[in-house]
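Working notes, structure below.
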Amino acid sequence: MIARLSGTLVDRSAADVVIDCNGVGYEVRCSAYTLNQLPALGERVVLRVYTHASENSVSLFGFFDAAERALFDHLITVKNVGPTTASTILGGSTPRDIATLISREDVGGLTRIKGVGKKTAELLVVELREKCELLLLSWNASGEVRA
C-alpha cells in the first residue's frame with residue numbers, strides 16, 4: 001500500500017495531479033483544499049496517500065496535511081461515502097471547518113458543500129459528531145495535528 005509520495009509535481013488538472021517519483025509518475029486524486037496548497041509545477045511536493053483498490057483499478061487519493069487525511073479516514077466510514085465523495089466533501093472547505101460543521105450538527109451548513117445532500121449530511125452528523133469533536137481537540141489553532 002502506498003502511504004506517502006515525495007517527488008516533483010509535473011502535471012495538474014481540476015481534480016488530479018501527477019507526481020514524478022524517480023522517473024515514475026503517480027496520478028493522485030486531490031481535493032480542492034489540497035490542490036490550493038500545492039506548489040507550482042516543477043516544484044517538490046510531499047503528499048500523504050490513501051490507496052483504494054477495487055476489483056478493476058487502483059486509485060490514489062492525496063492529502064496535503066495530516067488533518068485532512070484524518071478527516072478523510074472518518075468520512076469514508078460513513079454509509080455511501082466512498083473515497084471520491086469524501087475527497088469532494090473535503091474540497092468544500094478546510095478540514096477544521098468541515099469537522100466543526102459536523103460536530104455542531106449543522107446539517108444546513110453541510111448541505112452547502114458540493115456532493116452533500118440532506119440525507120448524507122444527517123448521516124455524517126449521526127456517525128461522526130463525536131469523532132469530529134475529538135479531532136478538533138487534537139488539532140492546534142492552525143488546524144495541524146498536535147504533537
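The values are calculated or read from the model by the stated rules, or taken from the named source; none is laboratory data. These numbers come from a predicted model, not from an experiment. Glycine gets a Cβ as well: all are built from the backbone with ideal geometry, and neighbour counts include every protein chain shown. Accessible surface is based on the protein model in full, side chains and every heavy atom, while ligands, DNA and RNA are left aside. Shrake-Rupley method; radii C 1.70, N 1.55, O 1.52, S 1.80 Å.
Per-residue ellipticity at 222 nm for the chain, helices alone: DSSP H runs ≥ 4 residues times -39500 (n - 2.57), over residue total, nearest 500 deg cm²/dmol?
Taken over the chain, the calculation gives -11500 deg cm²/dmol.
Output wanted: per-residue J couplings in Hz (rounded whole) for segment 88-102, from phi through Karplus 6.51 cos²θ - 1.76 cosθ + 1.60, θ = phi - 60°, x for Gly and Pro.
Per residue, the Karplus-derived 3J(HN,Hα) values read 5, 4, 5, x, x, 5, 7, x, 4, 5, 5, 4, 5, 4, 5 Hz.
Taking the solvent-accessible surface of protein heavy atoms with a 1.4 Å probe, what is the per residue accessible area of segment 57-147 in Å²?
On a per-residue basis, 50 Å².
With each label point set 7 Å from Cα along the Cα-Cβ vector, what nm distance links residue 32 and residue 12?
Simple spin-label model gives 1.5 nm for this pair.
Count charges around residue 27 for me, please; just the other residues with Cβ under 13 Å from its Cβ, Lys/Arg as +1, Asp/Glu as -1.
That sum, taken over residues with Cβ under 13 Å, equals -1.
Give me the percent of the accessible area of the chain that comes from carbon and sulfur atoms, probe 1.4 Å, all protein chains in place.
49 percent
Would you mind calculating the gained length between residue 21 and residue 53 on full extension (0.36 nm times residue separation, minus the Cα-Cα distance), in nm to one decimal?
Value of the extension gain: 9.5 nm.
Work out the charge dipole of the chain with +1 on the Cβ of Lys and Arg and -1 on the Cβ of Asp and Glu about the Cα centre, then indicate which of 7, 86, 36 is farthest towards its positive end.
The residue sitting most towards the positive pole is 86.
Would you compute, for the Cα atoms of segment 14-84, the largest minus smallest coordinate along each principal axis and list the three values in descending order, in whole Å?
Over segment 14-84, Cα extents along the principal axes are 38, 28, 20 Å.
Roughly speaking, what % of Cα-Cα pairs in segment 5-129 are separated by over 16 Å, rounded to a whole number?
Percent of Cα pairs beyond 16 Å in segment 5-129: 59.
Only four residue types carry charge here, +1 at the Cβ of Lys and Arg and -1 at the Cβ of Asp and Glu. Report the dipole size of segment 28-136 about the Cα centre in Debye, rounded to the nearest 20.
The calculated dipole for segment 28-136 is roughly 180 debye.
Set the Förster radius R0 to 22 Å, insert the Cβ-Cβ distance between residue 114 and residue 94 as r into 1/(1 + (r/R0)^6), and round the FRET efficiency to 0.05.
According to the calculation, E is roughly 0.90.
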